[in-house]
Amino acid sequence: MKVSDKRRLRNRDVSFTLMGLGCAQMGNLYRLTPYQESLGAFEAAWDAGIRYFDTAPFYGYTRSERRLGTMVTDHERDEYVLSTKVGRVMLPDNTVGAEEDAFVAPLPFRPKYDYSYDAIMRSFEDSRQRLGMFAPDVLFVHDIGRATHGDLHQHYWDQLTKGGGFRALGELRVAGLVKAIGLGVNEWQVIADAMDECDIDVSMLAGRYTLLEQESLALLDRCHREGVGIVVAGAFNSGLLAGNRKFNYAEAPADILARVGEIEAACEAEGVAMQAAALAFPALHPAVVTVVSGARNAEQMKANVGWFEQAIPASFWTRLKDKGVISTDAAVAGG
């Protein structure tokens with residue numbers, strides 16, 4: 001597979017390169033990232049043929065959208081696909097601290113969850129201004145779900161359903177201000193719920209369809225049947241599949257580490273880099289239109305591209321299935 005290969009949504013005129021650049025790190029995620037480093041990551045992605053870029057108002061408290069907008073608008077609009085998100089309204093606030101929500105030096109805009117009709121329209125208009133863009137291609141509802149909101153989930157879900165949030169997305173699509181709509185979440189169950197409520201086109205699923213987790217496989221199979229694309233993010237499971245010992249942003253439990261050990265053994269036996277396997281695996285499912293990977297600088301981006309394009313023998317996937325590391329039903333023959 002090549003990062004520049006393209007897959008098109010079945011029901012909408014949007015084509016994604018097989019790898020995309022996720023731009024949370026442009027918002028100083030975990031540490032300061034100078035603009036030139038972020039620009040290096042973007043240029044390395046562009047030079048490799050990547051033409052899909054994802055951001056959100058939340059990343060760096062609007063910093064990521066501002067940076068990415070400056071970069072992409074140096075190129076012709078029809079040369080790339082861009083997605084951003086709604087679900088938080090960013091309100092001016094001079095009490096924003098030196099580090100908030102894992103973003104260092106965030107800009108002075110405090111996020112407020114709001115999935116209602118008016119809030120989605122306001123958030124979308126604000127994003128257009130920051131991006132310098134008339135019509136972003138894809139609009140995701142960001143971080144909706146029971147695990148995210150706990151006891152407040154029903155309140156926010158009602159904003160999307162009864163409060164007109166989904167209606168706002170549909171109106172923006174009908175007006176041609178976005179081409180495709182969906183969710184950008186860490187919870188696969190809420191994508192299934194959204195498919196029952198709204199005619200979504202594509203959704204970003206972070207960390208839930210990876211070498212370590214395939215509980216979402218039934219959802220991906222449903223998406224393939226119904227023509228809903230999946231953008232996979234978090235293929236490294238917080239970095240555990242890239243060499244650290246973090247899983248879902250915490251210390252990995254013993255059973256997960258044991259599974260990583262099985263993957264490492266298979267990689268050694270087959271001559272495959274674990275990072276390459278982690279990036280390639282989700283792209284093999286036919287519902288997946290792209291795998292998004294973050295990069296802080298040009299070196300990281302080039303490494304991601306090299307891993308993604310590494311050839312992986314079919315015997316590697318067979319070995320993982322035989323060991324019970326990945327589901328016997330997981331797609332491994334290509335999308």
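If you take the residues in the range 59-71 that are in contact (Cβ under 8 Å) with a residue 60 or more places away in the chain and part of a helix (DSSP H, G or I), which one is surrounded by the fewest Cβ atoms within 10 Å (Cβ to Cβ)? Ranking the candidates gives Thr70 first. Gly176 falls short on exactly one of the conditions (1) without any contact (Cβ under 8 Å) to a residue 40 or more places away in the chain; (2) at positive phi, and that condition is (1). Could we say that Glu262 is loosely packed, with under 13 Cβ neighbours inside 10 Å, charged (D, E, K, R) and over 11 Å from Pro282 (Cβ atoms) here? Considered against the rule, which asks whether it is loosely packed, with under 13 Cβ neighbours inside 10 Å, charged (D, E, K, R) and over 11 Å from Pro282 (Cβ atoms), Glu262 comes out as no. Quick one: would you say Ile326 is more than 12 Å from Leu279 (Cα to Cα) and β-branched (Val, Ile, Thr)? Yes, satisfied. Taking the range 173-189 on its own, how many of its residues are more than 15 Å from Leu82 (Cα to Cα), open to solvent by 10 Å² or more (accessible area, probe 1.4 Å) and either assigned to a helix (DSSP H, G or I) or not polar (S, T, N, Q) (or both)? Within the range 173-189, residues that are more than 15 Å from Leu82 (Cα to Cα), open to solvent by 10 Å² or more (accessible area, probe 1.4 Å) and either assigned to a helix (DSSP H, G or I) or not polar (S, T, N, Q) (or both) number 5. Residue count for the range 72-81, restricted to those that are part of a helix (DSSP H, G or I) and over 22 Å from Gly182 (Cβ atoms): 1.
Every residue, every condition in (1) touching a residue at least 40 places away in the same chain (Cβ under 8 Å); (2) open to solvent by less than 40 Å² (accessible area, probe 1.4 Å); (3) part of a helix (DSSP H, G or I), yes or no:
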position	(1), (2), (3)
Arg110	yes, no, no
Ala135	yes, yes, no
Ala147	yes, no, yes
Asp151	no, no, yes
Glu171	no, no, yes
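For the range 1-50, the set of residues classified as over 18 Å from the mean Cα position of the chain (by Cα), polar (S, T, N, Q) and either modelled with pLDDT under 95 or over 27 Å from Ala98 (Cβ atoms) (or both) consists of Asn11 only. Examine the range 28-41 for a residue that is among the acidic types (Asp, Glu) and in contact with a Cys (Cβ under 9 Å, 6 or more places away or on another chain), and state whether such a residue exists. No, the range 28-41 has no match at all.
The residue of the range 246-273 that is modelled with the highest pLDDT, among those that are part of a loop (DSSP other than H, G, I, E, B) and out of contact with any helix residue (DSSP H, G or I) (no Cβ under 8 Å at 6 or more places or on another chain), is Gly271.
What do you reckon, is Ile120 over 26 Å from Leu32 (Cβ atoms), open to solvent by less than 10 Å² (accessible area, probe 1.4 Å), not charged (D, E, K, R) and not in a strand (DSSP E or B)?
Details: over 26 Å from Leu32 (Cβ atoms): yes; open to solvent by less than 10 Å² (accessible area, probe 1.4 Å): yes; not charged (D, E, K, R): yes; not in a strand (DSSP E or B): yes.
Yes, satisfied.
Restricting attention to the range 216-245, which residues are under 22 Å from Leu21 (Cβ atoms) and either assigned to a loop (DSSP other than H, G, I, E, B) or basic (Lys, Arg) (or both)?
Answer for the range 216-245, where residues must be under 22 Å from Leu21 (Cβ atoms) and either assigned to a loop (DSSP other than H, G, I, E, B) or basic (Lys, Arg) (or both): Gly234, Ala235, Phe236, Asn237, Ser238, Gly239, Gly243, Asn244.
Could you look through the range 275-298, keep only residues that are in contact (Cβ under 8 Å) with a residue 40 or more places away in the chain and assigned to a helix (DSSP H, G or I), and pick out the one that is surrounded by the fewest Cβ atoms within 10 Å (Cβ to Cβ)? Of everything passing the filter in the range 275-298, Ala298 is surrounded by the fewest Cβ atoms within 10 Å (Cβ to Cβ). Of the listed requirements (1) within 21 Å of Phe134 (Cα to Cα); (2) under 17 Å from the mean Cα position of the chain (by Cα); (3) part of a loop (DSSP other than H, G, I, E, B), Glu213 misses just one: (1). When residues in the range 301-335 are screened for being surrounded by 17 or more Cβ atoms within 10 Å (Cβ to Cβ) and polar (S, T, N, Q), 1 of them pass. Where residues in the range 198-250 are open to solvent by 10 Å² or more (accessible area, probe 1.4 Å) and among the aromatic types (Phe, Trp, Tyr), which of them is farthest from Ile263 (Cα to Cα)? The selected residue is Tyr249. Pairs are defined by a Cβ separation below 9 Å, a sequence spacing of at least 6 or placement on different chains, a first member in the range 199-224 that is under 23 Å from Arg12 (Cβ atoms) and without any contact (Cβ under 8 Å) to a residue 12 or more places away in the chain, and a second member that is in a helix (DSSP H, G or I) and open to solvent by 10 Å² or more (accessible area, probe 1.4 Å); no pair meets this definition.
Kindly indicate the residue of the range 9-58 that is part of a loop (DSSP other than H, G, I, E, B) and of a type in the set (Gly, Ala, Ser) and also surrounded by the fewest Cβ atoms within 10 Å (Cβ to Cβ) among those meeting that condition. Only one residue fits best here, namely Gly49.
The values are calculated or read from the model by the stated rules, or taken from the named source; none is laboratory data. Keep in mind that what you see is a predicted model, and the values were worked out from it rather than measured. Cβ sites come from the backbone with ideal geometry, for glycine too, and all protein chains shown count toward neighbours. The area values use the complete protein model at the heavy-atom level, side chains included, leaving out ligands, DNA and RNA. Shrake-Rupley method; radii C 1.70, N 1.55, O 1.52, S 1.80 Å.
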